[in-house]
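The structure appears right after this line, and notes come after that.
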Amino acid sequence: MKIESKTVHGGDRRKLTGDFVPVTTPIYTAASYAYDSMEQLDRVFGLEEKGPSYGRYDNPTRSALESLVQDLESGAGAIACASGMIAIHTAMLAALMDRPKRVLAANMMYGATTSMLMNIFGPMGVETDQIDACDLAAFEAALAETKPGAVILETIANPLLRVAALDHIGQACKRAHVPLIVDNTFATPLLVRPLELGANIVCHSATKYLAGHGDVLGGVIIADAEHFDTIRTLSRTLGPVMGPFESYLTMRGIKTLALRVERQCANACKVATWLAAHPRVERTFFPGDPKHPDAANIARLFPPNRFGGLVSFELKGANRAEIFRFMEKLQMVVRATSLGDVHSMTLYPAMASHRDLSPKHRERLGIRDNLVRLSIGIEAHEDIVADLEQALSA
Ligand SMILES: Cc1ncc(COP(=O)(O)O)c(C=O)c1O
């Protein structure tokens, strides 16, 4: 070969012979894959033989992550995506593909999910009915009345941390033959596995607990056998997929997911109890509160003494400026728009996660302007409490 050809071909495509196996999955950055024979490539393209052929279809690093999350969520297949939102979008497209273009959605969800339904699916002719998913009778009545093509809700709803009767809704959707999509980002498969309760498709923002270190934007879709083929076909055509670096980081993050979630849950219980007794705090919202409006669902669906790592609270009589001042006084707890990381974080829903909703819409949902959301990290709980205390006193 001439030098120009050598620069292109040297070092690559060497068969890794020998008896060694990398103990962790390497980052495969190749966009496409070469095979010995065209017959074999034909079989791989036709899904008759497993193997990567082109990055939009398949990637060994991504496949390893997909196989991991599929197993964690008890699914038949998984696709790792570039963001949580494109995971939810792809799941919704798949569910509605050959069904009535109507969605029954929980009224309390991540703001961008609501805006996706209203501002993207709406103009394309998909009607959305939003109902309080924690009012089981009303939700079941809406399911019977509206005959939707898909149902969507969050296991722990953002930001007031309500918990619907996912098991009963799962069964109702099964009886009605309507696919149920569940955003399990806040709960993680350590707390709840929706596919085991009757859901058909689970989505995550992997940006949050799964990756867990604030260095990945990603999402995953995990589906039952009935829906996975459609999701894979959509994914192969549209390419919403996660890149190999992010797949590697997410997989690396998941290795400590159980440890992190255990610590975050324990810390959240301590912080929520402390906040509930603080004179500057009007109300706390925490699934571990025995007086939580959905305590019966929580007791049935969650493992003992684990209620997630999120705590929301209202600062007594505070306006927007005072909330800002409180948040600016925090020294360790990070002011940032995310959750589920190793570090504790605080977010102002009216300005961030639910900014896209009108003030009237937020008010209807009970999201007041003095509401703050905390995502509890793995630090020493004494330091989290001390930081909140000094910021509240200031
Ligand atoms: C519950 C929930 N679902 C989905 C998303 C969207 O995820 P991403 O930002 O990774 O697109 C978020 C983001 O905050 C979220 O909180």
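Quick one: which of 365-373, 94-102 comes out on top by average Cβ neighbours within 10 Å, and what's the full order, highest first?
Numbers: 365-373: 19.6, 94-102: 17.0.
Top of the packing list down: 365-373, 94-102.
How much of the pair distance distribution for the chain lies past 37 Å, counting alpha-carbon pairs only, in percent? Kindly include the intermediate steps, with their values, before the conclusion.
Values: 19639 of 77421 pairs.
Percent of Cα pairs beyond 37 Å in the chain: 25.
So what's the projected area for the range 106-251, the Cα convex hull averaged over all directions, in nm²?
Details: hull surface 36.2 nm².
Value for the range 106-251: 9.0 nm².
Report the net charge of residues surrounding Met109, where surrounding means a beta-carbon distance below 12 angstrom and charges are Lys +1, Arg +1, Asp -1, Glu -1.
Values: positive: Arg162; negative: Asp132, Glu154, Asp183, Asp356.
My count for the surroundings of Met109 gives -3.
Hey, which lysines would be in cross-link range of Lys360, C-alpha to C-alpha under 22 Å, not counting anything within fewer than 8 residues on its own chain?
The reachable lysines, counting only those whose Cα sits under 22 Å from Lys360, are Lys316.
Taking every DSSP beta bridge that has both residues in the chain, what percent is antiparallel when rounded to the nearest 5?
Numbers: 25 of 42 bridges.
Around 60 percent antiparallel, to the nearest 5.
For the range 4-69, take N as its residue count and report Rg(C-alpha) divided by 2.2 N^0.38 Å.
Its radius of gyration relative to the 2.2 N^0.38 Å reference: 1.26.
Calculate the FRET efficiency for Arg236 and Lys329 from the Cβ-Cβ distance with a Förster distance of 51 Å, rounded to the nearest 0.05. Walk me through the numbers before you get to the answer.
Numbers: r = 50 Å, r/R0 = 0.97.
Computed FRET efficiency for Arg236 and Lys329 comes out at 0.55.
For Tyr248, Tyr54, write out the residues from largest to smallest accessible area, computed with a 1.4 angstrom probe and no ligands counted. Don't jump to the answer; show the numbers that get you there.
Numbers: Tyr248 65, Tyr54 95 Å².
Output order, biggest surface exposure first: Tyr54, Tyr248.
So how compact is the range 23-138: Cα radius of gyration and Dmax in angstrom?
18.8, 60
Which one, Ile222, Ile131, Ile88, has the greatest fluctuation when you compute a Gaussian network model over the chain with C-alpha springs under 10 angstrom?
Ile131
For the range 264-384, with all protein chains present and a 1.4 Å probe, just round the carbon and sulfur fraction of the accessible area to a whole percent.
Details: 2930 of 5650 Å².
On the range 264-384, the fraction of accessible area on carbon and sulfur atoms equals 52 percent.
What shape does the range 240-387 take by its C-alpha gyration tensor, where a ≥ b ≥ c are the square roots of the eigenvalues and a/c under 1.5 counts as rounded, a/b above b/c as prolate, and the rest as oblate? Don't skip to the end; give the middle numbers.
On the way: a/c = 1.44, a/b = 1.26, b/c = 1.15.
Verdict is rounded for the range 240-387.
Of the heavy-atom accessible surface of the range 159-261 (probe 1.4 angstrom), what whole percent is carbon and sulfur?
Numbers: 1940 of 3510 Å².
Accessible surface attributable to carbon and sulfur in the range 159-261 totals 55 percent.
Put a dot 7 Å past each Cα toward the Cβ at Phe45 and Arg320; how far apart are the dots in nm?
According to this spin-label approximation, the distance is 5.6 nm.
If we count every other residue with Cβ under 10 angstrom of Glu246's Cβ, Lys/Arg +1 and Asp/Glu -1, where does the sum land? Walk me through the numbers on the way to the answer.
Details: positive: Arg62; negative: Asp215.
Charge balance near Glu246 sits at 0.
On each of the three principal axes of the Cα atoms of the range 288-330, give max minus min coordinate, whole Å, ordered largest first.
Result, largest extent first: 40, 19, 11 Å.
Add -39500 (n - 2.57) for each DSSP H run of 4 or more in the chain, then divide by its residues: what number comes out at 222 nm, to the nearest 500 deg cm²/dmol?
On the way: 15 runs with 155 residues, N = 394.
So the calculated ellipticity at 222 nm is -11500 deg cm²/dmol.
Measure nothing fancy, just the Cα-based angle from helix 84-96's long axis to the longest principal axis of the chain, in degrees from 0 to 90, nearest 10.
Roughly 80 degrees, rounded to the nearest 10.
Ranked highest first by the average count of other Cβ atoms within 10 Å around their residues, in what order do 167-176, 105-114, 183-192 fall?
Details: 167-176: 17.6, 105-114: 22.2, 183-192: 25.7.
In descending order of packing, they fall as 183-192, 105-114, 167-176.
Nearest 5 is fine: what % of DSSP beta bridges in the range 128-247 come out antiparallel, could you say? Don't skip to the end; give the middle numbers.
Numbers: 6 of 13 bridges.
The antiparallel fraction comes to roughly 45 percent.
With a probe of 1.4 Å, find how much accessible area the range 23-150 has per residue, and write the answer as a whole number in Å². Intermediate values should be presented prior to the final figure.
Details: 6000 Å² over 128 residues.
I get 47 Å² per residue for the range 23-150.
Measure off, as a whole percent, the carbon and sulfur share of the 1.4 Å-probe accessible area of the range 1-120, all protein chains present.
Details: 3840 of 6990 Å².
Result for the range 1-120: 55 percent of the exposed heavy-atom area is carbon or sulfur.
Leaving out ligands and nucleic acids, note down the accessible area per residue over the range 312-394 with a 1.4 angstrom probe, in whole Å².
Values: 3810 Å² over 83 residues.
Heavy-atom SASA per residue in the range 312-394 reads 46 Å².
Calculate the translational D of the range 194-321 in whole µm² s⁻¹ from Stokes-Einstein, where the hydrodynamic radius comes from the Kirkwood formula applied to all Cα pairs, the temperature is 20 °C and the viscosity 1.002 mPa s.
Numbers: Rh = 17.4 Å.
For the chosen part, D equals 123 µm²/s.
The values are calculated or read from the model by the stated rules, or taken from the named source; none is laboratory data. Keep in mind it's a predicted model, so treat the numbers as computed, not measured. Note that we place each Cβ from the backbone using ideal geometry, even for glycine, and neighbour counts take in every protein chain shown. Note: accessible area is taken over every heavy atom of the protein model, side chains too, but ligands, DNA and RNA are not part of it. Shrake-Rupley method; radii C 1.70, N 1.55, O 1.52, S 1.80 Å.
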